[in-house]
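This report refers to the structure that appears directly beneath it.
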Amino acid sequence: MDVTLINGTTYHLFQPLLYQVATGILSEGEVAPPIREILRRQRNVDVRLGRVRDVDVEAKTVDVAGPGVSYTVGYDTLIFAAGSSQSYFGNDGFAEDAPGMKSVDDALELRARIFHAFEIADLQTDPADIERWMTFVIVGAGPTGTEMAGQIAELAHRTLPGQYKHIDPHRARVVLVDAVGAVLNTFGDRLSTRALRELHQLGVEVELNTKVVDVDPTGIEVETVRGPERIPAMTKVWAAGVSAPPLARRLAEVTGARTDRAGRIHVEPDGTVPGHPEIFVVGDLMALAGDDGRQLPGVAQVAIQSGRHAAGQIKRRLAGRPAGQPFHYFDKGSLAVISRFSAVASIGGLRLSGFPAWLIWLVVHLFYLVGFKNRVSAVLHWAVSFLGRGCPERVTTLQQVHARTAMRQYGDPFAPAPDTYTGSRTPVTSGG
Ligand SMILES: Cc1cc2nc3c(=O)[nH]c(=O)nc-3n(C[C@H](O)[C@H](O)[C@H](O)COP(=O)(O)OP(=O)(O)OC[C@H]3O[C@@H](n4cnc5c(N)ncnc54)[C@H](O)[C@@H]3O)c2cc1C
């Protein structure tokens, strides 16, 4: 069996710890090891960099755009595991001033924005400007937004005080905004209330039942229960909502598959696309109901288990054995960190909070980090940050600050370039 793995980046990303890259606790290498290195002993796997732009279900090929190179790959069986993208609920323009947190690029850009905000505040003389630079708004009070808000508050209140001559980082405002009436609302009332209390203790201002109506470079417009308001803030983080990547729409078009509201592909109980037993969709891209009739969530365990299930089905087919059981998701629980030594955990019927939940978080995240070296260095970085007050990965470059502008100006490096392909691969002349 030959396997071709096509990915838009050279690394495998452990997204749950991305917020720690953005806030200077971990380095990007610790959460994003090279795919080639992970699979180096898997001799039958060919790893290729590129973005799949189109799929031809008749010819059984996918068209791929790499940086300056376009190529086509044939398949017998196709597995789509393209994950999810940030959703701005139809307001994609918000992305410029409120970057999301989906990739290493996002995390490094946010790191630069967060630490530069304190630097620039230190240079201001007008109190209104200082306040604007020292106000951080996080949109979305799910696990990512809550973790981000807690961590920025810890930076401001534990790590940075004493390091600036002209500002007091204690005075930074961290505002967590959500359109619904609870933080971490999928964790249930008790844990949600506990998380809210802890956020307040950390000094995070939590604005619930508050809808974002506009985002601009110097602030954010919200519709609160008190009426419309403006929060002046230079640094905004978008942690609300996901949608399927553009490729999902193309796959749905060519296969006739139905999609849900977020654009995810409805699959058969075995994970295949209806009418196309040779195409599997797994992970965040897959829309499938669980045992309780509700759509399976876009979480890592669904992705891991559905990926394993698809691989198992393919192995059975190749061995000439009948198809196995439909995909069954086993929910191992959910975890979210509020601050150092404090988390919430919902595992089966068990609801834990505080230090015990944080210990579980620590063990689980260490277990799932890829690579022994990464685990050792993550533990060292956590010791520096959680036991001490350090923040070991604070380096930011001007390139990170200006990357978004530069990419807009110079275009997408993965845009198809029909004349520059090499080797015997078939050139692709248009993207999907
Ligand atoms: C900030 C953050 C925190 C999270 N925290 C948690 C958590 O604590 N617990 C939890 O269970 N889940 C968490 N999740 C969700 C979890 O990370 C996802 O459910 C999981 O990664 C989904 O796996 P996947 O393989 O479907 O997609 P991804 O892990 O998103 O992988 C998709 C891959 O496809 C590539 N790709 C996309 N489009 C193309 C294309 N056209 N061509 C080629 N390659 C393409 C991407 O580059 C990426 O490498 C978090 C997610 C985020 C963003």
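The values are calculated or read from the model by the stated rules, or taken from the named source; none is laboratory data. Bear in mind that the values here come from a model prediction, so they are computed numbers and not experimental data. Ideal geometry is used to build each Cβ from the backbone, glycine not excepted, and the neighbour counts take in all protein chains shown.
Computed quantities for the displayed model
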| item | result |
| --- | --- |
| Every residue from region 147-175 that is of a type in the set (A, V, I, L, M, F, W, C), within 25 Å of the chain's Cα centre (by Cα) and buried (at least 23 other Cβ atoms within 10 Å of the Cβ) | M148, A149, I152, A153, L155, A156, V174 |
| Candidates P67, P34, filtered to the one that is farther than 30 Å from E253 by Cβ, within 13 Å of the ligand (Cβ to nearest atom), surrounded by fewer than 21 Cβ atoms within 10 Å (Cβ to Cβ) and in contact (Cβ under 8 Å) with a residue 12 or more places away in the chain | P34 |
| Matching entry among G263, G275, G293 (being free of Cβ contacts under 8 Å to residues at least 12 places away in the same chain and away from the ligand (no atom under 12 Å from the Cβ)) | G293 |
| Residues satisfying the stated conditions in region 243-260, i.e. within 13 Å of the ligand (Cβ to nearest atom) and either over 12 Å from I279 (Cα atoms) or of a type in the set (F, W, Y) (or both) | S243, A244, P245, P246, L247, A248, R249, R250 |
| Qualifying positions in region 16-71 - outside any loop (DSSP other than H, G, I, E, B), polar (S, T, N, Q) and closer than 30 Å to R389 by Cα | Q20 |
| Failed criterion for L247 (all others in (1) under 28 Å from A182 (Cβ atoms); (2) crowded, with 17+ Cβ neighbours inside 10 Å hold) | (1) |
| Residue check for Q325: more than 30 Å from G90 (Cα to Cα) and either touching a Gly at 6+ places or on another chain (Cβ under 8 Å) or within 15 Å of the ligand (Cβ to nearest atom) (or both) | no |
| Scan of region 27-69 for residues that are acidic (D, E), more than 19 Å from A311 (Cβ to Cβ) and touching a strand residue (DSSP E or B) at 6+ places or on another chain (Cβ under 9 Å), ordered by number | E28, D54, D56, D63 |
| Residue that is surrounded by the most Cβ atoms within 10 Å (Cβ to Cβ) [pool: residues in region 294-332 that are touching a strand residue (DSSP E or B) at 6+ places or on another chain (Cβ under 8 Å) and part of a loop (DSSP other than H, G, I, E, B)] | L296 |
| Candidate set from region 176-219 (those that are among the hydrophobic types (A, V, I, L, M, F, W, C) and over 29 Å from I347 (Cα atoms)); member that is surrounded by the most Cβ atoms within 10 Å (Cβ to Cβ) | V212 |
| Lone unmet requirement of (1) at pLDDT below 90; (2) β-branched (V, I, T); (3) loosely packed, with under 13 Cβ neighbours inside 10 Å for V363 | (1) |
| Filter result (more than 15 Å from E205 (Cβ to Cβ), in contact (Cβ under 8 Å) with a residue 40 or more places away in the chain and assigned to a loop (DSSP other than H, G, I, E, B)) within region 141-166 | G142, L160, Y164, K165, H166 |
| Residue check, A303 within 20 Å of G74 (Cβ to Cβ) and within 16 Å of the ligand (Cβ to nearest atom) | no |
| Every pair of residues 6+ apart whose Cβ atoms lie under 7 Å, when the first sits in region 82-94 and is over 24 Å from G50 (Cα atoms) while the second is small (G, A, S) and within 16 Å of the ligand (Cβ to nearest atom) | Y88/A95; F89/G241 |
| Yes/no for A240 being within 16 Å of the ligand (Cβ to nearest atom), surrounded by 15 or more Cβ atoms within 10 Å (Cβ to Cβ) and farther than 15 Å from V281 by Cβ | yes |
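Here's the yes/no breakdown for (1) under 25 Å from the mean Cα position of the chain (by Cα); (2) within 28 Å of D76 (Cβ to Cβ):
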residue: E268; (1), (2): no, yes
residue: V282; (1), (2): yes, yes
residue: L296; (1), (2): yes, yes
residue: R317; (1), (2): no, yes
residue: G324; (1), (2): no, yes
residue: F327; (1), (2): yes, yes
residue: D331; (1), (2): yes, no
residue: S339; (1), (2): yes, no
